[in-house]
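Okay, structure first, notes after.
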Amino acid sequence: MGATPVSDAQVSAAGPAPPGGDPGVVGYFSADRDARSHPVVAAGGTHLVKTRDLALVALFAALTAVLGLVPAIDVGPVPITAQTLGVMLAGSVLGARRGFLAMLLFLVLVAVGLPVLPGGGGGLAVFAGPTAGYLLAWPVGAAVIGFVTERVWSRYNLAWAVVANVVGGIVVVYAVGVTVLALVLDLSFGAALASGAVPFLIGDAVKVAIASVVAVQVRRAYPVIERPRRAATAP
C-alpha cells in the first residue's frame, strides 16, 4: 500500500527529519497522528460525533419513558398513551438512524423490566401481549419519519413534517400494531382495526401536530439533522 502524499506544510509541521531519515515519512506519520488525535473527523471530511449521537439517542429514549408517566386511557385491549409522541419527535428531530436507535434503546429498557410504560409496565411479557405490535413498530416508525425528513430536509416545512409524522407515526405503527393485535387476540382485521386504530385517530392527530411544530422550530433554532452534502466531483 502506498503512503498518502504529504504537503511541504505537513512536513514542516512535523519537525525536522532525523539524520538520514526521509522527511516525507515524518510528515506521513505526523498526519496520521493528527487524524487519530481528532476522532471527530474521519476520511473525506465526514464528522463522527459519536458522543453527541449517544447523548441524543439516550435523551429521546428518556423522553419517551417520561411520556409514559402520563396516565393511559383505557379504550380496549390497547390503551391510548402519550408515548407515540416520543416516537414522532425522535424521528423528526434526530433523523432515521438516531431515531431508530432511540426507540430501540427504549424497547431494551422495557425488555429488562424497567417500569417505563404507562402504569409502570415493563418486562418481556408485554412483547407477547396485544400491544406488542405497536411497541415493535416504534423503531421502524421513527426510522421512516426520519427518512422522509432527511429526504426533504432542504425544503422541510410544517407540511412535510406532518406528512412524515403521519406516514411513520400513524400508518406504519398502525399497520404493524393492528396486524399483531388481530393475531394475538384472534380477531378479524376489521375488528382489530376498530379496536386498535379508530379510537386513537384523534389523539394521534394532535400528537402529529405537536411533533411537527416542534420539529420545524428545532430545525430553525438548533438543527440536529445535518444538511445533505453534495458528493465531491472529481476534477
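With respect to Val148, is the statement that it is of a type in the set (Val, Ile, Thr) and farther than 21 Å from Phe60 by Cα true? Criteria not met by Val148.
Residues in segment 218-235 that are modelled with pLDDT of 90 or more and more than 18 Å from the chain's Cα centre (by Cα): Arg220, Ala221.
Given the criteria touching a helix residue (DSSP H, G or I) at 6+ places or on another chain (Cβ under 9 Å) and either of a type in the set (Gly, Ala, Ser) or modelled with pLDDT under 95 (or both), does Ala194 qualify? Criteria not met by Ala194.
Take the conditions (1) touching a residue at least 60 places away in the same chain (Cβ under 8 Å); (2) within 17 Å of Gln83 (Cβ to Cβ); (3) of a type in the set (Gly, Ala, Ser); (4) out of contact with any strand residue (DSSP E or B) (no Cβ under 6 Å at 6 or more places or on another chain); Ala205 misses just one of them, which is (1). Scanning segment 138-195 for residues that are among the small types (Gly, Ala, Ser) and within 12 Å of Met88 (Cα to Cα) yields Gly141, Ala142, Ala143, Gly146, Ala161, Ala164, Gly168, Gly169.
For first residues located in segment 173-185 and touching a residue at least 60 places away in the same chain (Cβ under 8 Å) and surrounded by fewer than 22 Cβ atoms within 10 Å (Cβ to Cβ), partners that are not aliphatic (A, V, I, L, M) and not in a helix (DSSP H, G or I) and lie 6+ apart or on another chain with Cβ distances below 8 Å form the pairs Leu185/Pro77; Leu185/Pro130.
When residues in segment 70-81 are screened for being over 12 Å from Gly121 (Cβ atoms) and in a loop (DSSP other than H, G, I, E, B), 7 of them pass. Per the conditions (1) without any contact (Cβ under 8 Å) to a residue 24 or more places away in the chain; (2) touching an Asp or Glu at 6+ places or on another chain (Cβ under 8 Å), the sole criterion not satisfied by Ala96 is (1).
Residues satisfying the criterion are absent from segment 27-34 (criterion: of a type in the set (Ser, Thr, Tyr), in contact with a helix residue (DSSP H, G or I) (Cβ under 9 Å, 6 or more places away or on another chain), modelled with pLDDT of 95 or more and buried (at least 17 other Cβ atoms within 10 Å of the Cβ)). Looking only at segment 155-167, how many residues end up being crowded, with 21+ Cβ neighbours inside 10 Å and under 15 Å from Phe200 (Cβ atoms)? Number of matching residues: 1.
Scan segment 133-178 for residues that are among the polar types (S, T, N, Q) and over 17 Å from the mean Cα position of the chain (by Cα) and the total you get is 2.
Ile170 satisfies every condition listed in (1) more than 19 Å from Leu136 (Cβ to Cβ); (2) touching an Asp or Glu at 6+ places or on another chain (Cβ under 6 Å) except (1).
The values are calculated or read from the model by the stated rules, or taken from the named source; none is laboratory data. Since the model is a prediction, treat every value here as computed from it, not as a measurement. Cβ sites come from the backbone with ideal geometry, for glycine too, and all protein chains shown count toward neighbours.
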